[in-house]
1. I need the inter-copy label distances for A:Gly257: point set 7 Å along Cα to C-beta, values in nm with one decimal, smallest first.
2. Please list the three semi-axes, largest first and in whole Å, of the ellipsoid equivalent to segment B:1-109, using sqrt of 5 times the eigenvalues of its alpha carbon gyration tensor.
3. In terms of modelled amide H atoms, which long-range or inter-chain residues lie less than 5 Å from the amide H of B:Val231?
4. Using alpha carbon centroids, what distance separates segment A:198-248 and segment B:233-284, in Å?
5. Along each of the three principal axes of the Cα atoms of segment B:142-185, give the extent in whole Å, ordering the values from largest to smallest.
6. Please compute P(r) over all alpha-carbon pairs of segment A:2-285, binned at 10 Å starting from zero, and give each bin as a whole-number percent.
7. Going by C-beta contacts inside 10 Å, put A:Met30, B:Met1 in order with the fewest on the left.
8. Once the cut-off is 47 Å, how many percent of the Cα-Cα pairs in the protein assembly as shown end up in the long-distance tail?
Number of protein chains: 2
Amino acid sequence: MAATGRAVDAFVRDHLTGSSAPDGGLFEAMQYAALGPGKRFRPALVMAGAELFALPHPSALRVAAAIELVHTYSLVHDDLPCMDDDDLRRGRPTTHVKFGEATAVLVGDALLPLAFELLVHPETHSRAEVRIELVRGLAVASGAHGMVVGQMLDLAAEHRVLDLDGITRLQELKTGALITFACESPAVLAEASGGERAALRAFARDLGLAFQITDDILDVEGTAAAVGKGVGKDASAGKATFVSLLGVEAARARADGLMEQAAAHLDCFGARAATLRALGRFVVQRSA
Amino acid sequence: MAATGRAVDAFVRDHLTGSSAPDGGLFEAMQYAALGPGKRFRPALVMAGAELFALPHPSALRVAAAIELVHTYSLVHDDLPCMDDDDLRRGRPTTHVKFGEATAVLVGDALLPLAFELLVHPETHSRAEVRIELVRGLAVASGAHGMVVGQMLDLAAEHRVLDLDGITRLQELKTGALITFACESPAVLAEASGGERAALRAFARDLGLAFQITDDILDVEGTAAAVGKGVGKDASAGKATFVSLLGVEAARARADGLMEQAAAHLDCFGARAATLRALGRFVVQRSA
């Protein structure tokens, strides 16, 4: 994961350089948002999937970077005062705290099209049909039937206590859709069979929920210093989480169960899926 | 233009329907933003260009709708309190006044990927290479080297008075980039020659500036009722505009001159460009 993080960061840095003309500080703020310390979990999923299909590294790296840019943009907007109003992210002041709200809105607005720009480049894949399928997948995952409606439901959850099904659907949209695209995209690049794509989607679905449940546990048990963002926020906002609904012990057991289930979906790939399996273990064992 | 507007609105309405599952009101707010009364100037440019190349209507309509969605998202975000803080748009309360700031941010965030989703559909064009070129063009026009950096420069202009070159560059990015893509996209769909694409880009560049100068004149001379948005805002914010730098008379003369120059770029198309030329005349003669 550390190696993937470095490779993605170097790639993103190369693509976040403005011209010499005045830009009002836009590129500096985009770099701040995109290159802050972070796990680069979604890129790691893409690169592990690339290993599975023996994909060329530069090709997978473009897709990994595109997905990380979309994830970053969503964090920048979610942290805004009118949204979750967070001051701390990845152990540093959030983008709007550092550069102001207007700039933070525009940083997000600029990162999203840049992700699509990365995908359409011929170096992503020689066949335009494959690039089109990636653009479609990212647009759907990040749009009104994916990530954005998930965030909308999350905001609405401050006024309406969700049950377990409600929380599950919310998280499958808010974080799950992009994680699923990260897992499926190597299969798109490899023009893999429908069965293999479905197996990766099923893996991603369980993995995404396990990831979110672990996040909820860290929100209760972690410290801001370790987690790198404010903790205890869901409880103080009166929001239902997997932990508030299940308790810590049962939540942890559910995350573990989901990860076993997730790993089972990879059986069809045999030993080739070792890195993806390891990422799954990381998800439920991490402390930040 | 009215016919184009109705066709685009009907198309957009069909693509802004949520599922029966809860969406926190996202689709209602997206419809409100996207279907408010407006000129649909950019779609009209696309459809006039489609006439030039005798393109199939459904194909051009998808591109027109995609561009209008991006334009709409930019208005929703630009109107936010942390940006231009506007209460009135297209004669109605702005999206954040009607639905709250968080929803307005998310409406914009959802409209942008939807635009790309529309473009990648096979009905846009049978060849994936052409769709890729459209995605690339829209991503560049709407991104950090186009519309977004233009808005960033516009915000910075509250603290720094721009000269004519500065204002021109700002507007070429903020509104010009998307107008240029609207004019060029029919040539992309038609797989037209580089010369024809360049002629349309040159037309668009002059047209976009003439459009913006006319906007500045209406901001001084128009009433909110006629224009459908707050007027006199640039002057009260102390921002330089074409009118503050040139005066109304010289600004009008420049807009007229630019439109003559724009029309001349269409000479290579002969009578086929009649509708595009008429749109040019509309730009400088409109009162709203």
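Coordinate-derived values only; no laboratory data. Just so you know, these numbers come straight off a predicted model, no measurement behind them. Here Cβ is always computed from backbone atoms with ideal geometry, including for glycine, and neighbour counts include all displayed protein chains.
1. Spacings between copies for this position, smallest first, are 7.6 nm.
2. Value: 26, 16, 10 Å, ordered largest first.
3. Long-range HN contacts for B:Val231: B:Ala224.
4. Cα centroid to Cα centroid, the span is 54 Å.
5. Taking the Cα atoms of segment B:142-185, the three principal extents are 35, 19, 11 Å.
6. 7, 29, 37, 22, 5, 0
7. B:Met1, A:Met30
8. Above the 47 Å cut-off, the protein assembly as shown has 13 percent of its Cα pairs.
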